[in-house]
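Novice: The following block contains the structure, expressed as structure tokens.
The values are calculated or read from the model by the stated rules, or taken from the named source; none is laboratory data. These numbers were taken from a predicted model, which means no experiment stands behind them. Quick note on the areas: whole protein, heavy atoms, side chains included, nothing else; ligands and nucleic acids left out. Shrake-Rupley method; radii C 1.70, N 1.55, O 1.52, S 1.80 Å.
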Amino acid sequence: MISLQIPGLSFPMQQLVKNGTVCKVVHAFADYTSNMIRGGQIPEVKKCFTMAGVLYRNGSTALRNAIESVYLYALSPFLYTQFSNQPVKELLPLSLKNIRIQHIQRGTL
């Protein structure tokens, strides 16, 4: 599903789906998203965040756990990056913002 919405991840996802775990796939997705943040590709970052929100909302328990523990954790250093006087974290869908806040309150992010 990720590779259909985000063409830049098509080939890596095909390889990981064959041989990888959910965590590896989500880690590759996080790497791609962080590269887009570093490159200032805000429309693509928005697309990634939206996809992560959809996966979190509709995914299995394993996928939800991977989004929480792998995706959000891997992106946490990049979420304060500023674009147009707004931190990237403001682009997160509400469901992921709430999870992030819970992790911050628990001290796990």
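Novice: Can you pull out every residue in the stretch 50-109 that is in a loop (DSSP other than H, G, I, E, B) and open to solvent by less than 40 Å² (accessible area, probe 1.4 Å)?
Specialist: Going residue by residue through the stretch 50-109, those that are in a loop (DSSP other than H, G, I, E, B) are 59-60, 79-81, 84-85, 92-93, 107-109.
Result: GLY59, LEU79, LEU92, PRO93.
Novice: Still on this model: Consider LEU63 carefully, then state whether it is at pLDDT below 90 and closer than 27 Å to ARG106 by Cα.
Specialist: Working: at pLDDT below 90: yes; closer than 27 Å to ARG106 by Cα: yes.
The answer is yes for LEU63.
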